[in-house]
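Data block below; observations after.
The values are calculated or read from the model by the stated rules, or taken from the named source; none is laboratory data. Computed from a predicted model, the values in this text were never measured in an experiment. So basically every Cβ, Gly included, is an ideal-geometry build from the backbone, and we count neighbours across all protein chains shown.
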Amino acid sequence: MPSHCHSRLILRANELIMVDKNRLSNIRSSQMKSTAIAEEDRSWVLKLAKIYKVDADDGQVTSSLIDALWEKVDIVPVSLALAQAAEESGWGTSRFAALGNAVYGQWTWGSNAITPEKQRKELGNYGIASFETLQQSICAYMINLNTHNAYASLRSKRAELRKKSEKITGHILAVQLTKYSERGEEYVKSLRSLMDYNRLGPTDDAYLSDSPAIYLIPVAE
């Protein structure tokens with residue numbers, strides 16, 4: 001890890017996010033034009049608000065609610081997701097990755113937690129969140145970056161880049177992840193070093209093609 005398979009799963013997670021963002025964009029445009037929002041869309045926005053932990057006052061779809069969602073519902077650059085997966089899971093060799101597809105080291109308290117071998121009791125009965133599939137792990141990681149207060153600066157920077165129509169890259173956003181690890185600035189340097197050494201930058205331009213799969217069949221000798 002990172003692998004081509006992991007890259008595809010990250011791209012798929014980003015695709016799902018962009019489906020929501022595009023729908024949100026249409027609703028946002030309608031609201032700016034003072035066009036009434038359909039009940040189906042209102043219900044969908046409120047469900048999205050729960051997922052992204054945005055408070056909806058009295059169940060009303062307000063401009064402030066839409067704006068808050070607009071900043072949170074967005075992609076995570078592939079290069080950043082790959083670098084963090086490699087860093088957090090020891091290139092897929094960690095016990096957490098093997099036992100529960102836990103490649104991003106997300107803390108949790110519950111039945112799906114994998115208890116660290118050297119759990120620090122002073123921090124409570126925490127564990128590392130486990131998942132049935134790697135895709136679930138990736139989607140949960142993106143929700144974490146898109147909702148946790150610790151990563152508000154990442155979301156603000158991403159929104160700034162999008163507003164200016166500038167490229168959203170892992171190299172730029174990595175600077176905003178000093179709170180992801182106790183290592184702080186050293187963690188950021190490590191992520192950037194991983195991206196540079198493994199030439200992950202171009203993955204930020206990758207996308208899943210709609211073209212039919214091409215099968216390579218060896219020619220018989």
Completion exercise
Residue hits (segment 72-95; of a type in the set (A, V, I, L, M, F, W, C), over 14 Å from residue 181 (Cβ atoms) and touching a helix residue (DSSP H, G or I) at 6+ places or on another chain (Cβ under 7 Å)) are 73, 75, 76, 78, 81, 82
Handout entry: Matching option when the condition is free of Cβ contacts under 8 Å to residues at least 60 places away in the same chain, part of a loop (DSSP other than H, G, I, E, B) and more than 21 Å from the chain's Cα centre (by Cα), among 34, 29, 43
Key = 34
Exercise for the section: May I ask you to verify whether residue 103 is under 30 Å from residue 36 (Cα atoms) and either in contact (Cβ under 8 Å) with a residue 60 or more places away in the chain or not small (Gly, Ala, Ser) (or both)? Expected result: no
Practice task
State whether one or more residues within segment 120-131 are at pLDDT 95 or above and among the polar types (S, T, N, Q).
Solution key: no
Exercise for the section: Working only within segment 10-30, note down all residues that are surrounded by 14 or more Cβ atoms within 10 Å (Cβ to Cβ) and among the small types (Gly, Ala, Ser). Expected result: 13, 25, 30
Handout entry: Residue match in segment 81-99 (condition: at pLDDT 95 or above, touching a Lys or Arg at 6+ places or on another chain (Cβ under 9 Å) and exposed (fewer than 15 other Cβ atoms within 10 Å of the Cβ))
Key = no
Practice task
Considering (1) in contact with an Asp or Glu (Cβ under 9 Å, 6 or more places away or on another chain); (2) closer than 20 Å to residue 150 by Cβ; (3) modelled with pLDDT under 90, say which one residue 68 fails and leave the rest.
Solution key: (3)
Completion exercise
Restricted to segment 146-168 and to residues being out of contact with any helix residue (DSSP H, G or I) (no Cβ under 6 Å at 6 or more places or on another chain) and part of a loop (DSSP other than H, G, I, E, B), the residue nearest to residue 73 (Cα to Cα) is 148
